[in-house]
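The values are calculated or read from the model by the stated rules, or taken from the named source; none is laboratory data. Since the structure is predicted, the reported quantities are computational estimates derived from the model, not experimental observations. Glycine also receives a Cβ, built like all others from the backbone with ideal geometry; neighbour counts cover every protein chain displayed. For the accessible areas, the whole protein counts, side chains as well, though only heavy atoms, and no ligand, DNA or RNA atoms are used. Shrake-Rupley method; radii C 1.70, N 1.55, O 1.52, S 1.80 Å.
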Amino acid sequence: MKTHYAAAFAIVLGCFACGDDEADNGNGQSGNGNGQSGNGAAELEIIGTYMDQFMTETTFSANGVGAATLVEFSNDDNILFTQNPPDAMFGPNAFSRFVWTEPEADGSFFGCFDVFDGTSLEDARGRPSQADVSDPEGGMSCGGAFSFSDYTPVN
């Protein structure tokens, strides 16, 4: 049963990891009250290319996650919001919320898209989080249906 959910999560995550790693979002990034917006004073702390336990490579950049555009983030809260491109195979134009644990000394961290089908930024931001970051290795702790991914730096 767990494998079934892991495979489904890998498919969902694949839509975020595919395409250009550097989505062009112009000035479309918005602040979140912490001055951390991807184009302000702070830089996203998890920028880099990572491999997860499903052998999926994902790039987090100042512009986005895979082909999805970075809209807003907070390193203090370990949360980011993205928007899929209009031509995305799954969830065109959908907004997502990604949460992560504090990166380890080697740069690895656990992360999870606990919202991947928001109709707007406000929708993705306003949904109660189902992710249990206190126990990312404890089974289906990312919204009940998925597990956290274990992101390890590629380089």
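What is the extension gain from Phe54 to Asp77, computed as 0.36 nm multiplied by their sequence separation minus the C-alpha to C-alpha distance, in nm to one decimal?
Extra length from Phe54 to Asp77 when fully extended: 5.7 nm.
Shape of region 36-139 from its Cα gyration tensor (a ≥ b ≥ c, root eigenvalues): rounded if a/c is under 1.5, otherwise prolate when a/b > b/c, or oblate?
Because its axes are fairly even, with a/c under 1.5, region 36-139 counts as rounded.
Using a cut-off of 10 Å between beta-carbons, work out the net charge of the residues near Val115 (Lys and Arg +1, Asp and Glu -1, Val115 not included).
Summing Lys/Arg as +1 and Asp/Glu as -1 gives 0.
Return one whole number: the accessible area per residue of region 45-108 in Å², for a 1.4 Å probe.
For region 45-108, the solvent-accessible area averages 40 Å² per residue.
Between Val154 and Met89, what FRET efficiency comes out of the Förster formula 1/(1 + (r/R0)^6) with R0 = 22 Å and r the beta carbon distance, rounded to 0.05?
0.40
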